[in-house]
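Take a look at the structure below.
The values are calculated or read from the model by the stated rules, or taken from the named source; none is laboratory data. Here the structure is a predicted model, which is why all the values come from computation and not from measurement. Cβ sites come from the backbone with ideal geometry, for glycine too, and all protein chains shown count toward neighbours. For the accessible areas, the whole protein counts, side chains as well, though only heavy atoms, and no ligand, DNA or RNA atoms are used. Shrake-Rupley method; radii C 1.70, N 1.55, O 1.52, S 1.80 Å.
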Amino acid sequence: MIRIVIADDHTIMREGLKRILDGAPDIDIVGEAIDGFEVLGHVRQGGFDLLLLDLSMPGRSGVDLIRQIKAEAPKLAILILTMHEEEQYAVRAIRAGAQGYLTKESAGTQLVGAIRKVASGRPYISTEVAEQLALNIMMPHESLLHKQLSDREFEVFSLLVAGRSITEIANSLHLSVKTVSTHKTRIMQKMGMSSLSEMVQYAVAHRLLSPFKT
């Protein structure tokens, strides 16, 4: 039996995932979490084998949360289920310690198989993500500007180009407004850009505009 915790802040999504998993006799949902703090509570309590984790939730989330989970429970399997389709999100999540990455659009047909594969100790990633990981190893100095950003900077960049204000980003990531402003300045310096519109144009051109939940 694979014991899992579902972490997603949308009730409808959690209910939908539970319906998908109802027909799998070897999967048992033993808990739910609606934000990063509840996720860490489950991790510290233990008693489950796999965390089905949304990449964008209130409180601590994303790569930062994955890293903390792996630091506290290195053997816990993590399968990311997210709206983000761009491979760069998957690459960063996997580097942080996730074993699998699945988009919500694919959940209906691939979720059960992905859970079984990750729970057995094998990775679950798409061909596109596998190719991106290989390219990163073969060409570590590739010149794409967003690859120069740290994981936190990339998270802030993604929220900025998605239309979030600095105050909204600060609240979402539990950072100060000053810290987010500093991140924005560093992002623009690293990418050689002078305006938010340039960042948005870059994000559109490189398919980095993914939907963030409000």
**Prompt:** In degrees from 0 to 90, rounded to the nearest 10, what is the angle of the helix 196-205 Cα long axis to the longest principal axis of the chain?
**Reply:** 50 degrees
**Asked** Under a 5 Å amide H to amide H cut-off, with H placed in plane at 1.01 Å, what residues pair with ILE2 once short-range neighbours are removed?
**Response** ILE27, ASP28
**Item:** Straight-distance crosslink candidates among lysines, where the alpha carbon sits under 27 Å from LYS104 and sequence neighbours closer than 8 are dropped
**Value:** LYS18, LYS70, LYS75, LYS117, LYS147, LYS213
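Which FRET efficiency, nearest 0.05, do THR185 and LYS75 yield, Cβ-Cβ r, R0 25 Å?
Details: r = 39 Å, r/R0 = 1.57.
After rounding, the FRET efficiency stands at 0.05.
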**Message:** How tilted is helix 62-72 with respect to the longest principal axis of the chain? Cα atoms for both, answer in degrees (0 to 90, nearest 10).
**Reply:** 50 degrees
**Complete:** Measure of exposure for ARG67: accessible area at 1.4 Å probe, Å² rounded to 10, is 120 Å²
**Prompt:** If you plug each phi of region 2-8 into the Karplus form 6.51 cos²θ - 1.76 cosθ + 1.60 with θ = phi - 60°, what whole-Hz ³J(HN,Hα) values come out, in order, with x for Gly and Pro?
**Reply:** 9, 8, 10, 10, 9, 10, 7
**Asked** So what's the projected area for the chain, the Cα convex hull averaged over all directions, in nm²?
**Response** 11.5 nm²
**Asked** Please state the equivalent ellipsoid semi-axes for region 143-204: what are the square roots of 5 times the Cα gyration tensor eigenvalues, largest first, in whole Å?
**Response** 18, 12, 10
**Prompt:** By how many degrees, between 0 and 90 and to the nearest 10, does the Cα long axis of helix 151-161 differ from the longest principal axis of the chain?
**Reply:** 70 degrees
**Request:** Set the Förster distance to 30 Å, then compute FRET efficiency between ARG19 and ARG122 from the Cβ-Cβ distance, nearest 0.05.
**Result:** 0.75
**Item:** Calculated from backbone phi, Karplus (6.51, -1.76, 1.60) coupling profile of region 144-150 in Hz, x at Gly/Pro
**Value:** 4, 4, 5, 6, 7, 7, 5
**Item:** Nearest-10 value in Å² for the accessible area of GLU155, using the 1.4 Å probe
**Value:** 30 Å²
**Fill in**
Heavy-atom accessible area of LEU196, protein chains in place, probe 1.4 angstrom, given in Å² to nearest 10, is 70 Å²
